[in-house]
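Everything on this sheet refers to the single structure shown next.
The values are calculated or read from the model by the stated rules, or taken from the named source; none is laboratory data. All values reported here derive from a predicted model rather than from experimental measurement. Glycine gets a Cβ as well: all are built from the backbone with ideal geometry, and neighbour counts include every protein chain shown.
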Amino acid sequence: MVIVQGKQCLIIAHRGASYDAPENTLASVNLAWEKEAPAVEFDIHLSKDGQIVVLHDFNTLKLYGRDQEVKDQTVEELLQLDAGLHKGEQWKGEKIPLLDQVLATVPQDRKLVIEIKVGPEIIPELEKAFAISGLGPEQIVIISFNWDSVAAAKKTFPHYKVYALSSFKKNKETGIWKPSIEELIDRAKKVGADGISVKAVDAFDENSIAEVHRNGLEFYVWTVDDPDLARKLKTAGVDGITTNRPQWLAALIQ
């Protein structure tokens, strides 16, 4: 946690300590804990046989070398892939983790930020995993671009923080960003979200952040590796910043 002008801001390790280690692996998660990250973010999918696996893309070609959808592969097939080699020879042999394996790494005073990449069909398995993890609701945050998943997660886990993710697109002719912050506030409130987590672009300012807070919501940003931008966002009042370099960034903006 970093405190700026009396306000706490959560520094979140993006896909683990992904600047230094292969993203969404146990190596990356554990390195983030070693680097004293207060929270680690990672992505989850459902395998063909209904187990929750940790990786970002819907297809395993880009990082793992197999041109196939995650949902069409069993856990046994996914575990055959090398999740570390793309980052360097020293990471060869890293595997795609199961959610249970990541849940088991969390120190008592730290948090996980779990991005649901798919629809609400993952919620029953997520509920089982949380029940046996031993982690409290204060240690888990759920995020998703899928608004149905946001609504289902909040309904199933009323005591957990759930945030809606959004990026922005700028109209080249008008210069107007869409969606507007007002639209995000309205939609987040309708699905029961606790806040929004948005891409750190020029679509908002400190007045926008204040408006989100006035509506009883929290405001998080991703993915920031620029210390000057991080300081600006902190001063503007964001509640959390996701970064690939948690320890490095926290030290520079303290």
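A few comments on the model shown:
- Count - residues of region 110-129 that are of a type in the set (K, R), touching a residue at least 12 places away in the same chain (Cβ under 8 Å) and outside any strand (DSSP E or B): 2
- Candidates A193, A164, A203 - the one that is assigned to a loop (DSSP other than H, G, I, E, B), at pLDDT 95 or above, under 28 Å from L229 (Cα atoms) and within 17 Å of the chain's Cα centre (by Cα): A193
- Test result for V102, β-branched (V, I, T), assigned to a helix (DSSP H, G or I) and within 25 Å of S197 (Cα to Cα): yes
- Region 206-240, subset without any contact (Cβ under 8 Å) to a residue 12 or more places away in the chain and not in a loop (DSSP other than H, G, I, E, B), residue farthest from K178 (Cα to Cα): D228
- Cβ-Cβ contacts under 9 Å between residues 6 or more apart (or on different chains), taken from a first residue in region 58-78 that is among the hydroxyl-bearing types (S, T, Y) to a second residue that is part of a helix (DSSP H, G or I), are listed as T60/V70; T60/L78; Y64/L78; Y64/L85; Y64/H86.
- Residues (surrounded by 23 or more Cβ atoms within 10 Å (Cβ to Cβ), over 19 Å from D57 (Cα atoms) and in contact with a Gly (Cβ under 7 Å, 6 or more places away or on another chain)) located in region 10-25: I12
- Qualifying residue in region 135-157 (condition: touching a residue at least 40 places away in the same chain (Cβ under 8 Å) and of a type in the set (D, E, K, R)): yes
- Test: residue in region 7-30 that is assigned to a strand (DSSP E or B), of a type outside the set (F, W, Y), under 25 Å from I132 (Cβ atoms) and under 17 Å from the mean Cα position of the chain (by Cα): yes
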